[in-house]
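Take a look at the structure below.
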Amino acid sequence: MMKLYYSRGACSLAVHIVLYESGLPFTIEAVNLATKTTASGADFTAINPKGYVPALELDSGEVLTEGPAINQYLADLVPEKKLAPPNGSLDRVRVQSWLTFIGTELHKSFSPLFKPDSTPEMKAKAVDTLNLRFGYVNQYLEGKVFLVADQFSIADAYLLNVFNWLGVLKLPTDQWPNIQALVARARERPGVQAALKAEGIR
């Protein structure tokens, strides 16, 4: 059975959501990212030398890392769930494009806001960047249900994940009603609800 190593509310949440959405059997183990130890006391860097989540241990013992890659792997295990469009299709490329954008332009832009040694200037610049990037996403979503082909996908799981961080940081989100609507729709899904409940996220 696969095992997900995660940290509450971190970017591993997107994989946690996709695992529930997939219907595949799995277990979870929390990781303390400060001490690099798992809930069972194992050295997490021995599992993932990168030292961060997510990490997905397969039945074979191999460990996959990097959320967007893990989620594409999981989606392809259960094509009937339509968590990602078929390989070779333009919609698959669109999903991959969104995964890249969310990872490089949104996810990474949060970094200064979570680092205690960031200066006020660094944090202000990060907020400006996030406002610009989320503004683009909100505009793109006008008249759309989800990011690609009006079908919930692994890209939407990732967007929900990083959008949640705005609430953690107590940053306003009302200026992006289209993203709020997408996140609200996603939160109605049993798989999303199950992952949020498992991690104790409201």
Original post:
Just for region 150-190: of the residues that are under 18 Å from GLU21 (Cα atoms) and part of a loop (DSSP other than H, G, I, E, B), which one is farthest from the chain's Cα centre (by Cα)?
Top reply: ASP150
Subject >> Which numbered condition THR35 fails, given (1) more than 20 Å from the chain's Cα centre (by Cα); (2) farther than 23 Å from TRP165 by Cα; (3) surrounded by fewer than 17 Cβ atoms within 10 Å (Cβ to Cβ) >> reply: (2)
Original post:
Restricted to region 71-121, and to residues that are among the β-branched types (Val, Ile, Thr) and outside any helix (DSSP H, G or I), which residue is most open to solvent (accessible area, probe 1.4 Å)?
Top reply: THR119
Subject >> Only one of GLU29, GLU62 that is more than 15 Å from GLY191 (Cα to Cα), crowded, with 16+ Cβ neighbours inside 10 Å and among the charged types (D, E, K, R) >> reply: GLU29
**OP:** Taking ASN164 as meeting all but one of (1) touching a residue at least 40 places away in the same chain (Cβ under 8 Å); (2) of a type outside the set (A, V, I, L, M); (3) within 25 Å of TYR5 (Cβ to Cβ); (4) surrounded by fewer than 15 Cβ atoms within 10 Å (Cβ to Cβ), write down the number of the exception.
**Re:** (4)
**OP:** Search region 61-89 for residues that are without any contact (Cβ under 8 Å) to a residue 24 or more places away in the chain and pair each with any residue that is surrounded by fewer than 16 Cβ atoms within 10 Å (Cβ to Cβ) and not in a helix (DSSP H, G or I) when their beta-carbon atoms are under 8 Å apart and the residues are at least 6 apart or on different chains.
**Re:** LEU64/LEU58; THR65/LYS50; ASP76/ASN87; PRO79/PRO86
**OP:** Please work out if THR129 is among the β-branched types (Val, Ile, Thr), surrounded by fewer than 17 Cβ atoms within 10 Å (Cβ to Cβ) and outside any loop (DSSP other than H, G, I, E, B).
**Re:** yes
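With the condition kept exactly as written, say whether any residue in region 167-175 is open to solvent by less than 60 Å² (accessible area, probe 1.4 Å) and in contact (Cβ under 8 Å) with a residue 60 or more places away in the chain.
Our first condition is that a residue be open to solvent by less than 60 Å² (accessible area, probe 1.4 Å); within region 167-175, this holds for 167, 169, 171, 173.
With the extra rule that they be in contact (Cβ under 8 Å) with a residue 60 or more places away in the chain, the set shrinks to none.
No: zero hits.
The values are calculated or read from the model by the stated rules, or taken from the named source; none is laboratory data. In this text the structure is predicted, and so the values were computed from the model without any measurement. Here Cβ is always computed from backbone atoms with ideal geometry, including for glycine, and neighbour counts include all displayed protein chains. The area values use the complete protein model at the heavy-atom level, side chains included, leaving out ligands, DNA and RNA. Shrake-Rupley method; radii C 1.70, N 1.55, O 1.52, S 1.80 Å.
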